[in-house]
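One structure is given below, encoded as structure tokens.
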Amino acid sequence: LLDPYVTVSVDQVRVGQTSTKQKTNKPTYNEEFSATVTDGHQIELSVFHDTPIGYDDFVANCTLCFQDLLRSSGPSDSFEGW
């Protein structure tokens, strides 16, 4: 079992991090982050395992392009509430 948390980055700049969930392979995060982004290109979600000693272990990541999100959500230029 992992002690996972997720980092949120926009164009390789970290804008948030979730809390760590203890001993689970199916964590649920109902957390909100707010960041003002001007001319952003991509958002990256990275999962890490919180280790007690040394560096945390990388588990997985996903990168989404803002342009792809705009195309899939309609003509809006806003991600408010996303």
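The values are calculated or read from the model by the stated rules, or taken from the named source; none is laboratory data. Everything numeric in this text was worked out from a predicted model, so none of it was measured. So basically every Cβ, Gly included, is an ideal-geometry build from the backbone, and we count neighbours across all protein chains shown. These accessible areas exclude ligands, DNA and RNA; they are computed on the full protein's heavy atoms, side chains included. Shrake-Rupley method; radii C 1.70, N 1.55, O 1.52, S 1.80 Å.
The Cβ shell under 13 Å around ASP50 holds other residues with a net charge of -1, Lys and Arg each +1, Asp and Glu each -1. Of the residues THR28, THR7, ranked by 1.4 Å probe accessible area with the largest first, the sequence reads THR28, THR7.
Between VAL8 and VAL37, what is 0.36 nm times their sequence separation minus the Cα-Cα distance? Round to one decimal in nm.
Numbers: separation 29, 0.36 × 29 = 10.44 nm, distance 1.29 nm.
The VAL8-VAL37 span can extend by a further 9.2 nm.
Restricted to Cα atoms, the stretch 4-72 shows a radius of gyration and a Dmax of 13.3, 43 angstrom.
Could you list the trypsin sites (Lys or Arg not before Pro) in the stretch 1-73 that lie in coil according to DSSP, counting only those with at most 16 other Cβ atoms within 10 Å of their Cβ? Don't skip to the answer; put the middle values down first.
Details: sites: ARG14, LYS21, LYS23, ARG71; in loops: LYS21, LYS23.
Sparse-neighbourhood loop trypsin sites (Lys or Arg not before Pro): LYS23.
Roll a 1.4 Å probe over the protein chains and send me the accessible area per residue for the stretch 4-72 in Å². Intermediate values should be presented prior to the final figure.
Numbers: 5070 Å² over 69 residues.
With the other protein chains kept in place, the stretch 4-72 gives 73 Å² per residue.
Short-range pairs are left out: with C-alpha atoms under 8 Å and at least six residues apart, the relative contact order of the stretch 4-72 is 32 percent.
Go ahead and run the numbers for FRET between GLN67 and LYS23, Cβ-Cβ distance against an R0 of 35 Å, rounding to 0.05.
Working: r = 38 Å, r/R0 = 1.09.
The computed FRET efficiency comes out at 0.40.
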